[in-house]
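Working notes for the structure below.
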Amino acid sequence: MKHFIININWKNSEFTGSVYHDYGVAVVENLSSPDFHEFIELAEGSIEIVEPCFLDANGDYPKWYKDKEYDFSYNFQDIATLLKAYSLYVPLATLSKATHINKGQLSHYANRMKQPRDKQNENIIQKLHEIGTRLCNCTLEQQEVLTIKPTTPQKA
């Protein structure tokens, strides 16, 4: 399994960053988008864009590439970038309840007005992981729907 790291920063009202192999070689640099979801699609899609770089000496793609045996991790530059990235999915009010950190304080972190201590950074990340795990583990029980077919009236 190949692993790629997506470095993410929030500056000038947009997400910027790059994609690297886990051993430090750049795949794509200077990605940017004001929308986090779009930024991630660009970053993860960059593997397909640069596919000719993966050709071996015979002009064939490696097995890991053909079988899509690769994954990504996201490396956020700071807590502000992390909070901006996931604010659509986990609002500050929700995160405040989970972390027991005042919503105003979280807003200061998200806007780089204040820097959290390491312990608070760990708490925020831990609670985001817990929320994500709960979302990954949810299911919807499918109930059988009964369909009643109308009958045709019988003639007397």
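The values are calculated or read from the model by the stated rules, or taken from the named source; none is laboratory data. The structure presented is a predicted model; accordingly, all values stated were derived computationally and were not measured. All Cβ positions, even for glycine, are placed from backbone atoms using ideal geometry, and neighbour counts span all protein chains on display. Each accessible area value is taken on the protein alone, full model and side chains, heavy atoms only, with ligands, DNA and RNA left out. Shrake-Rupley method; radii C 1.70, N 1.55, O 1.52, S 1.80 Å.
Ligands, DNA and RNA left out, the accessible area of the chain computed with a 1.4 Å probe is 52% carbon and sulfur. Under the classification rounded if a/c is under 1.5, otherwise prolate if a/b is larger than b/c and oblate if not, where does the chain fall, given a ≥ b ≥ c as square roots of the Cα gyration tensor eigenvalues? Oblate shape, in that a/c is at least 1.5 and b/c is the bigger or equal ratio.
Let me make sure I get this right: for region 64-143, a, b and c are the square roots of the gyration tensor eigenvalues over alpha carbons, sorted descending. Under 1.5 in a/c it's rounded, otherwise prolate if a/b > b/c, else oblate. Which is it? Oblate shape, in that a/c is at least 1.5 and b/c is the bigger or equal ratio. What the chain shows is 71 Å² of accessible area per residue, with the surface traced by a 1.4 Å probe over protein heavy atoms. Cβ-Cβ distance of Tyr89 and Met113, R₀ of 22 Å, FRET efficiency by 1/(1 + (r/R0)^6): the value works out to about 0.45. Taking a point 7 Å out from the Cα of Asp71 in the direction of its Cβ, the residues of region 113-151 whose backbone N falls within less than 17 Å of it are 129-130, 132-137. Taking chymotrypsin sites (Phe, Trp or Tyr not before Pro) in DSSP loop states with no more than 14 other Cβ atoms inside 10 Å as exposed sites, the chain has its longest site-free stretch at 90-156.
Using the Cβ-Cβ distance between Met1 and Asn102 with R0 set to 41 Å, the FRET efficiency from 1/(1 + (r/R0)^6) comes to roughly 0.50. For Phe72, nonlocal amide neighbours, meaning residues 5 or more places apart or on other chains whose placed amide H falls under 5 Å from its own, are Phe4. Considering helices alone, the calculated mean residue ellipticity of the chain at 222 nm is -11500 deg cm²/dmol, with DSSP H runs of length four and up weighted by -39500 (n - 2.57) and normalised per residue. Taking a straight Cα-Cα cut-off under 28 Å and skipping sequence neighbours fewer than 8 places away in the same chain, the lysines within cross-link reach of Lys119 are Lys11, Lys84, Lys97, Lys103, Lys127.
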